[in-house]
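Below: one structure in structure tokens.
The values are calculated or read from the model by the stated rules, or taken from the named source; none is laboratory data. Treat the numbers as computed from the prediction; the structure is a model and nothing was measured. Cβ sites come from the backbone with ideal geometry, for glycine too, and all protein chains shown count toward neighbours. Quick note on the areas: whole protein, heavy atoms, side chains included, nothing else; ligands and nucleic acids left out. Shrake-Rupley method; radii C 1.70, N 1.55, O 1.52, S 1.80 Å.
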Amino acid sequence: MPLDYDKLMALSAELGYRLMESGAEIYRVEESMQLLLHAYGVTFGEVFAIPNCIIVTLTAPDGRPVTQIRRVPAHGTNLDQVERLNDLCRRLCRGTPPLDEAAALLEETLRRPRSYSLPVQLFAYFLGCGSFVLFFGGSWRDGLCGGVCGTILGLCLTGMNRLRTNAFFKTIAGALISALIAVLLVGLRLGAHQDRIIIGTLMVLVPGIAFTNAMRDVMAGDMVAGISKITEALFIGAAIALGTALALGLARMLGGG
Amino acid sequence: MAVWNSLLFPCLCAFGGCLGFCFLFNVHGPNMLLCALGGTLGWMAYLLCAPLVHSDIIQSFLAALVISVWSEVMARLRKCPVTTYLLLALFPLVPGGGIYYTMEHAMAGETQAFLDSLLHTLGLAGALAVGVLMVASVARLFTAWRQRRR
């Protein structure tokens, strides 16, 4: 039976789209799609990806070009999904099952998302932020305050994610709220070092991920993707500073200092 | 006691912080432990090389090297993407404090201190980036060399 190029195209585009959506690096997206096309015997295929768009095109044996463009919306990071899609891509390339079967495998991988429940995530915010406050030299009580700020920040972020708020505003609002609570807790004499509590809590928002991924993209030669992600990281850094500054300014106004 | 305060306790906190963030980026199973261990190792390297180099930018660079090597090795052993290990383990090194103090100086109108800490923060981020880049490039070379030999 001859290969159905439309189906192959759809499969490869879907794989790339899902990888991108879960926060994989650009070169991983391009390489996975390219490998998949090669595994199914397509030698005339080109894949091009930038952070919010994937273009894949191939030439069928009868000379007919097939192209698909997928626009990738703003997304978070889901490392578990990257891992499982990467594993799936490896298996598909090794075994090259019939395309219908491969599409079913992909669908099944996506249908069973493993994610943590909200209480576990809030606990993780508490643990992560609290530990980072201690890490930056806070006392035990500062650590507890940081944990509380982190948990509330987590609640806000979850709520804003459900409303699909854009990243810049989400960061400003998150930084504002967590810094306000830190100021409040220090004002109530529950915590001692306001700066350490705020810094520890802000670690959740810090654009380390965007920055590291950007660097890996630059190294792989994807300058456009790298530069756009570095810009994103700088903007998010500025948003953190802005949100915290707003909170401290407000606190100073209300405190009369 | 001195060792506990200056070395073990910060590393323990780095471990806890990375472990907490593993949940947030949806990492499961033994990978969580490996990510957190990577962060701990990186911070240990940062602290241990402090007396040798006297510059936190170079310390960050060396720690990023250690973390990247750890991530590349773990990724190959466990057949997982490198990103998983790298992203989480780098968290303790990310200059969150730099952003905060830069903002504070800007608010206080201390232009000189603001510029100083801004450049310092960018320097720290750059050091991380260069460390990660170097190890990733060497890993690519190594893979290419092995494929050619085959």
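Out of A:Leu180, A:Leu155, I need the residue that is surrounded by fewer than 17 Cβ atoms within 10 Å (Cβ to Cβ) and part of a helix (DSSP H, G or I). Which one?
Sole residue among the options that is surrounded by fewer than 17 Cβ atoms within 10 Å (Cβ to Cβ) and part of a helix (DSSP H, G or I): A:Leu155.
Is it the case, given these coordinates, that A:Leu134 is within 11 Å of chain B (Cβ to nearest Cβ) and crowded, with 22+ Cβ neighbours inside 10 Å?
In short, yes.
Next up: Name the one entry in A:Arg141, A:Arg164 that is more than 9 Å from chain B (Cβ to nearest Cβ), more than 22 Å from B:Val27 (Cα to Cα) and modelled with pLDDT under 85.
A:Arg164
Give the residues of segment A:183-207 that are out of contact with any Leu (no Cβ under 8 Å at 6 or more places or on another chain) and not in a loop (DSSP other than H, G, I, E, B), sorted by residue number.
Across segment A:183-207, the qualifying residues are A:Leu184, A:Leu185, A:Val186, A:Gly187, A:Gln194, A:Asp195, A:Arg196, A:Ile198, A:Ile199, A:Leu202.
Just a yes or no: is a residue in segment A:121-131 farther than 20 Å from B:Cys11 by Cα, within 19 Å of the chain's Cα centre (by Cα) and in a helix (DSSP H, G or I)?
Yes - at least one qualifying residue is present in segment A:121-131.
Please enumerate the residues belonging to segment B:17-72 that are open to solvent by 10 Å² or more (accessible area, probe 1.4 Å), within 10 Å of chain A (Cβ to nearest Cβ) and part of a helix (DSSP H, G or I).
The answer is B:Leu19, B:Phe23, B:Leu24, B:Trp43.
Would you point out the residue of segment A:19-44, among those that are open to solvent by less than 10 Å² (accessible area, probe 1.4 Å) and free of Cβ contacts under 8 Å to residues at least 40 places away in the same chain, that is nearest to A:Ile209 (Cα to Cα)?
Result: A:Val29.
I would also like to ask the following. Might you check whether a residue that is part of a helix (DSSP H, G or I), open to solvent by less than 30 Å² (accessible area, probe 1.4 Å) and of a type outside the set (Val, Ile, Thr) occurs anywhere in segment A:53-66?
Scanning segment A:53-66, I find no residue that is part of a helix (DSSP H, G or I), open to solvent by less than 30 Å² (accessible area, probe 1.4 Å) and of a type outside the set (Val, Ile, Thr), so the answer is no.
Another question, if that's okay. Scan A:Asn78, A:Asn86 and give me the residue that is polar (S, T, N, Q) and over 30 Å from A:Ile198 (Cβ atoms).
A:Asn86
Are there any pairs with C-beta distances below 7 angstrom linking a residue in segment B:86-107 that is within 7 Å of chain A (Cβ to nearest Cβ) to a residue that is of a type in the set (Asp, Glu), with the two at least 6 apart or on different chains, and if so which?
Matching pairs, first to second residue: B:Tyr100/A:Asp195.
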